[in-house]
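The structure under discussion appears below in the form of structure tokens.
The values are calculated or read from the model by the stated rules, or taken from the named source; none is laboratory data. Given the structure is predicted, the values throughout are model-derived calculations rather than measurements. Methodologically, a virtual Cβ is constructed for each residue, glycine included, from the backbone with ideal geometry; neighbour enumeration extends over all protein chains shown. Ligands, DNA and RNA are stripped out before the accessible areas are found, and what is left, the full protein with its side chains, is counted by its heavy atoms. Shrake-Rupley method; radii C 1.70, N 1.55, O 1.52, S 1.80 Å.
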Amino acid sequence: MRSAPPNILYLHSHDTGRYVQPYGHPVPTPNIQRLADQGVLFREAFCAAPTCSASRACLLTGQYGHNNGMMGLAHRGWSLNDYRQHLVHPLHDAGYHTVLIGEQHVAKRPDIIGFDRVVKIETSHVESVAPVASEILGRPPPEPFFLSVGFFETHRDFLEPPSLRDALYSLPPANLPDTPDTRRDMAAYKASARRLDQGVGSVLEALDNHGLADDTLIIFTTDHGLAFPGAKATLCDRGLGVMLVMRGPGGFAGGKVNDALVSHIDVYPTLCELIGIERPDILQGLSLLPLVQRETTSIRDAIFAEMTWHAAYEPQRAIRTGRWKYIRRFSDRDRPVLCNCDDSPSKDLLVSLGWRDRLVPAEQLYDLAFDPAEAHDIAGQDACADVMRELSERLQAWMQETEDPLLHGDPSPPPGAEINDPDQLSPSEPRTIVGAESS
């Protein structure tokens, strides 16, 4: 163990999934690639919830969303059950000076989270966040410090494609048809990803220029998958899979790639072990240090994930092993909840082709070895009955162990929450305010 705890730089983005250069995608992100080349890249990292606030809350409390209270979106009325469970509090007790810059999305008012300093800036876009973060690193806060730097990118609305070539040739995600609309939409995402990469590069350069890099653990991740149909707000790997790159003290070096299953909820216990503080009893994750220090090749044989509210109520839970994915929906609805998909040209195309009327089964099973795109549901096949029964039982056991409220019926949204009707097409349509009197 180090004689002094490392500084911690938590860099995070919106809606990026793994769609960046180090994960093999044709999206040039040289600064993120450099970070991966110097650190440890987790190839099979997953969020615990594929929606913005819930995912971030799971990482920052080390608990699943139905345990920490964030089952919906913070700006729509959800909150943590107890903000003292946020990571900044044990870090503060351990002597860390904590600073928040830019995006956070776990509270309507960032001052209630518990940071020592909340930097007020105009927007959470790269052009606002990166210069401020670099300036703060140029006049470093007291060490050790925990600096949260959140970028709005790659959330929609995207920038226009930077070139005609990108608009013509960019390949959309594999689950979408290859059309002029989806190619242009993907090109616009790539422009946003480049902007994100520039912000990451500026902050990394500031660390280097001010002699902080060797003593700082960098955690770079995103909340969930791309804001495209079939990704964000779904329990497919396209929604749950996240980039996770860590660089710094404790073995997070050397350009290593780790293929073990890991979850966002494993970050908090990793930090506890690394800096030598007591692990809070509330934590539900596992430390990554045995993986990084090559004491073992795996720390878990499955990850669990949940979706409850995004714009609208769509309760579902999933278990994902190295080979299998089982998804169970907890409502009688058999059609997609389209307002849980961000508006986009790709969405417009699928809606025009009849997406609204496609059936969604109550249970889904995918063999990820033969069907990594999760395109062929095999839940009804006799040959897979034993696998499906085992995964269903494991999911049920996890829900019981974690006291998931879905086991007792539909949970109630908090008073004042803003929710869409599941039949609405867009999250921008009029919302219902829970508890408001009818006119």
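Which of these, ARG323, ARG247, ARG238, has the largest mean-square fluctuation under a Gaussian network model of the chain (Cα springs below 10 Å)?
Most flexible of the set in this elastic network: ARG323.
Apply the Karplus curve 6.51 cos²θ - 1.76 cosθ + 1.60, θ = phi - 60°, to the phi angles in segment 318-325 and return the couplings in whole Hz, x for Gly and Pro.
Result, ordered by residue: 8, 10, 10, 9, x, 10, 10, 10 Hz.
Would you mind telling me the antiparallel percentage of the DSSP bridges in the chain, rounded to 5?
Looking only at bridges with both residues in the chain, the antiparallel portion is about 50 percent.
Per residue, how many Å² of accessible area does the chain show with a 1.4 Å probe?
41
When only C-alpha pairs under 8 Å and at least 6 residues apart count, what is the relative contact order of segment 71-151, in percent?
37
With every protein chain kept in the model, how would you rank SER134, SER13 by accessible area, 1.4 Å probe, largest at the top?
SER134, SER13
So what are the ³J(HN,Hα) numbers for segment 173-184, from phi and the Karplus equation (6.51, -1.76, 1.60; θ = phi - 60°), rounded to whole Hz, Gly and Pro as x?
Each residue's phi maps through the Karplus curve to give x, 4, 7, 10, x, 8, 9, x, 5, 6, 5, 5 Hz.
Give me the percent of the accessible area of the chain that comes from carbon and sulfur atoms, probe 1.4 Å, all protein chains in place.
About 48 percent, which is the carbon plus sulfur part of the accessible surface.
So for the pair ASP93, ALA174, with labels modelled 7 Å out along Cα→Cβ, what separation do we get in nm?
So the label points at ASP93 and ALA174 sit 4.5 nm apart.
Match the structure shown to one of the listed values [x] 126; [y] 146; [z] 161 of volume of the Cα convex hull per residue in Å³, computed from it, and give that label.
Of the listed options [x] 126; [y] 146; [z] 161, [y] comes from this structure.
What relative contact order, as a whole-number percentage, does the chain give when Cα pairs under 8 Å and 6 or more residues apart are counted?
Once divided by the residue count of the chain, the mean separation gives 21 percent.
Limiting things to C-alpha atoms, what are the Rg and the maximum Cα-Cα separation (Dmax) for segment 232-332, in angstroms?
For segment 232-332, the Cα radius of gyration and maximum Cα-Cα distance read 15.6, 50 Å.
What is the gain in length, in nm to one decimal, between ASP421 and ILE378 on full extension, counting 0.36 nm per residue of separation less the C-alpha to C-alpha distance?
In short, 12.5 nm is gained.
Under the rule that an exposed site lies in a DSSP loop and has at most 16 other Cβ atoms within 10 Å, name the longest stretch of the chain with no GluC sites (Glu not before Pro) of that kind, not counting the sites themselves.
So the longest stretch without any such site is 123-277.
Can you bin every Cα-Cα distance in segment 26-78 into 5 Å intervals starting at zero and give me the percent of pairs per bin, rounded to whole numbers?
P(r) for segment 26-78, in whole percents per bin: 4, 19, 19, 14, 13, 14, 13, 4.
Any chance you could run the full-extension gain for ALA436 through ASP214? It's 0.36 nm times the residue separation minus the Cα-Cα distance, nm to one decimal.
Using 0.36 nm per residue and subtracting the Cα-Cα distance, I get 74.6 nm.
How big is the dipole moment of the chain about its Cα centre under a simple scheme where the beta carbon of each Lys and Arg is +1, that of each Asp and Glu is -1, and everything else is neutral? Debye, nearest 20, please.
In debye, rounded to 20, the chain gives about 600.
Please sort by residue number the chymotrypsin sites (Phe, Trp or Tyr not before Pro) in segment 332-439 whose DSSP state is loop and whose Cβ has at most 11 other Cβ atoms within 10 Å.
PHE370
Between segment 251-273 and segment 159-198, what is the separation of their alpha carbon centroids in Å?
30
So what is the diffusion coefficient of segment 39-124 in µm² per second by Stokes-Einstein at 10 °C and 1.306 mPa s, using a Kirkwood Rh over Cα pairs?
The calculation lands on 116 µm²/s.
Within a Cβ distance under 12 Å of ILE113, other residues only, what is the Lys/Arg minus Asp/Glu net charge?
That works out to +2.
Could you work out how much longer the chain between ILE112 and LEU353 gets when fully extended? Use 0.36 nm per residue separation minus the Cα distance between them, nm to one decimal.
82.3 nm
Please report the projected area of segment 60-212's Cα convex hull averaged over all directions, in nm².
Computing the convex hull of the Cα atoms and averaging its projections yields 11.2 nm².
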